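First up is the structure itself, then whatever we jot down about it.
The values are calculated or read from the model by the stated rules, or taken from the named source; none is laboratory data. Since we're looking at a predicted model, the values are computed, not measured. Don't worry about glycine lacking a Cβ; one is built from the backbone with ideal geometry, like all the others, and counts go over all protein chains shown. Keep in mind that these areas ignore ligands, DNA and RNA; they rest on the heavy atoms of the full protein, side chains included. Shrake-Rupley method; radii C 1.70, N 1.55, O 1.52, S 1.80 Å.
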Amino acid sequence: MFKRKIILCLLSAFLPMLAHIAAQTPKHEMRGAWVATVYGIDWPSRQGSTPEIAEHQRRELIAIFDSLQTAGLNAVLLQVRPMADALYHSDKEPWSAYLTGERGVSPAGRWDPLEFAIGEAHARGMELHAWVNPFRFAMSPTLPTTPYDRKAYQKGWIITHRTGGSAGAGAKGKSGKKKGRRKAQPQPKGKAVSIFDPGNEGAVGHVLDVCRDIVRNYDIDGLVFDDYFYPDRFPLPAGENPEKAADLRRHYVNRAVASVYAMIQKEKPYVRFGVAPAGVAGGNGKATAKYNLLPPIVGNDWMYDRIYCDPLAWLSEGTVDYVSPQLYWPSDHSTNPYGPLAQWWEGVAKHFRRHCFASHSLTNVASTPEHWREQGRQIDFDRESAAPGSVLYSVASMSGKKAGGLASYLGMNHYAVPALMPSMEWKHASDPGKVRNLRIDDDGVLSWTGNKARRYVVYAIPYDISAADASDDRGINFLPAYIAGVSYGDSFTLPSYLTADYWYAVAPYDRYGNEWKASVLHP
């Protein structure tokens, strides 16, 4: 936080220059980061159920949010259900071993990482998207043994794929329905992955209930699935037409995605629903032909026929708000260069009137300034293609856990000017009207009477800059260089360097991403 304040202080001296920069950068742009909890990849670095461990986990999470704020990001995608478990209070699934060290063991006191993360994100004006792995159940030869896990297995919800082996207990019959309940039995040794069966209505209903609880009980801004669907190369049923069986599996996945989207529209339609598929789609022409679209000119789509994933179907059916394809290759990659794939995804998303927020890999771009410049080139390419944003994987390569320096680089260069989230124009949102009673007290606290927007963007503009000169000709209100911050409440504490010789404006900025007409205050 301290570093960010220093950066902002320095930038405030160059607001005219920033106004010029703002004219070259999008005002509405997703700037996100993935925070992986599975195996403690990004967080937490220590697991346990003691008060001391809980406090360490809180401090570590605060440090992560501070680093993301330094980078100029506006969204965090936090993994809260990595393996049919919970990093939040749930009466449907056990507490995660990645939090407490043992599956099903509660953390100390009322420690709720998701609730805490939402508060930390919103305090910084960032969105919090709950990252859920929808189907993954276990990644080991033996299944978990909590009462919940045994119940899921006995109900026939779980299918297992072993490398070089059979599908295992709980495999689907020809209709895709469960064959019946089976008692838990010892699993053979070897590499195995177990998932909730996408073709089992009870299993998918459970996943839907889990997602509904998150949406209903937490003030999240988004819900996002990752790229795990059927296990890779999961055997098709013997004796069936392979193409029809594969189509049926894609249908099951599509149906599950659609059911979650429909639930969100009923519960909280402003919650963005996204999926992060693999980086190459289109079924190598199989999936694109039906929409009169061309497949990507580079790369090979393996997910269509191996994990039965068809993102074009979700975009066509309007059952996602965004896709975040995992474009984890550099610009000069020999077979999968970043640029052509990003351009293809953005064109497809626009065709179906949805957003594409490309996911970038930081694994090879977090160590040196040259690597940072590669990340910058990818961000610039997205902007040149009019893509509405990027998501960086993962935060360990920004926070210092694996590497450091990139956050400051982005905050001083490509993300020096703030950005708001893109608007979901396909959803109806009514004008909430201007905020009322805008005022400032002697301590530099702006306050106002809010409205149903429930979120607001605050501007601070130097006295010597007129409203006309500060206005955003490409949109509404003012240039992003003058954004002081975003508030999820009815007040905002200005940093000290913005409390003298400035005039202010506050605009409703609803949870759909729409900005509305501002109220202005000249102290």
Name the single residue, out of those in region 95-114 being in contact with a helix residue (DSSP H, G or I) (Cβ under 9 Å, 6 or more places away or on another chain) and not in a loop (DSSP other than H, G, I, E, B), that is most open to solvent (accessible area, probe 1.4 Å). Tyr98
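Say whether the condition of being touching a residue at least 60 places away in the same chain (Cβ under 8 Å) and under 27 Å from Ala386 (Cα atoms) is met by at least one residue in region 433-447.
So in region 433-447, the residues touching a residue at least 60 places away in the same chain (Cβ under 8 Å) come out as 433-436, 438-440, 446.
Right, trim to under 27 Å from Ala386 (Cα atoms) and you get none.
Within region 433-447 (the criterion being touching a residue at least 60 places away in the same chain (Cβ under 8 Å) and under 27 Å from Ala386 (Cα atoms)), the answer is no, since none of the residues qualifies.
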Take Leu498 and decide whether it is surrounded by 19 or more Cβ atoms within 10 Å (Cβ to Cβ) and at pLDDT 95 or above. yes
Answer from Arg233, Arg255, Arg249 - the residue that is open to solvent by less than 40 Å² (accessible area, probe 1.4 Å) and not β-branched (Val, Ile, Thr): Arg249
Exactly one condition in (1) more than 28 Å from Tyr291 (Cβ to Cβ); (2) touching a strand residue (DSSP E or B) at 6+ places or on another chain (Cβ under 6 Å) is false for Pro330; which is it? (2)
Can you tell me which of Val445, Val520, Val486 is farther than 24 Å from Gly119 by Cα, of a type in the set (Val, Ile, Thr) and open to solvent by 10 Å² or more (accessible area, probe 1.4 Å)? Val520
Examine region 317-340 for a residue that is in a helix (DSSP H, G or I) and aliphatic (A, V, I, L, M), and state whether such a residue exists. no
Tally time: how many residues in region 492-523 are closer than 18 Å to Asp443 by Cβ, assigned to a loop (DSSP other than H, G, I, E, B), touching a residue at least 40 places away in the same chain (Cβ under 8 Å) and aliphatic (A, V, I, L, M)? 1
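Just to verify a result, which residue in region 115-147, among those that are polar (S, T, N, Q) and open to solvent by 50 Å² or more (accessible area, probe 1.4 Å), is farthest from Gly202 (Cα to Cα)? First the steps, then the outcome.
Keep residues of region 115-147 that are polar (S, T, N, Q), which gives 133, 140, 142, 145-146.
Next cut, open to solvent by 50 Å² or more (accessible area, probe 1.4 Å) only: 142, 145.
Numbers: Thr142: 22, Thr145: 20 Å.
For region 115-147, the residue satisfying everything is Thr142.
Could you list, in sequence order, all residues of region 465-491 that are aliphatic (A, V, I, L, M), in a loop (DSSP other than H, G, I, E, B) and within 28 Å of the chain's Cα centre (by Cα)?
Scanning region 465-491 gives Ile476, Leu479.
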Go through region 375-392 and give me each residue that's open to solvent by 10 Å² or more (accessible area, probe 1.4 Å) and either hydrophobic (A, V, I, L, M, F, W, C) or touching a Leu at 6+ places or on another chain (Cβ under 6 Å) (or both). Phe381, Ala386, Ala387
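Every residue, every condition in (1) of a type in the set (S, T, N, Q); (2) open to solvent by 30 Å² or more (accessible area, probe 1.4 Å), yes or no:
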residue	(1), (2)
Gly283	no, no
Tyr291	no, yes
Ile297	no, yes
Arg306	no, yes
Ser316	yes, yes
Val323	no, no
Pro337	no, no
Pro340	no, yes
Leu18 fails exactly one of the following numbered conditions: (1) farther than 30 Å from Glu384 by Cα; (2) modelled with pLDDT under 95; (3) not polar (S, T, N, Q). What is the number of that condition? (1)
Pair list, Cβ < 7 Å and 6+ apart or interchain, from region 230-242 residues that are under 16 Å from Gly199 (Cβ atoms) and free of Cβ contacts under 8 Å to residues at least 24 places away in the same chain to residues that are hydrophobic (A, V, I, L, M, F, W, C) and outside any loop (DSSP other than H, G, I, E, B): Leu236/Ala245; Leu236/Ala246
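Do any strands (runs of 3 or more DSSP E) lying entirely in region 346-441 carry at least 3 residues that are over 20 Å from the mean Cα position of the chain (by Cα), and which ones are they? Talk me through it step by step, then tell me what you get.
Numbers: elements: 358-361, 389-393, 436-440.
Passing ranges, in order: 436-440.
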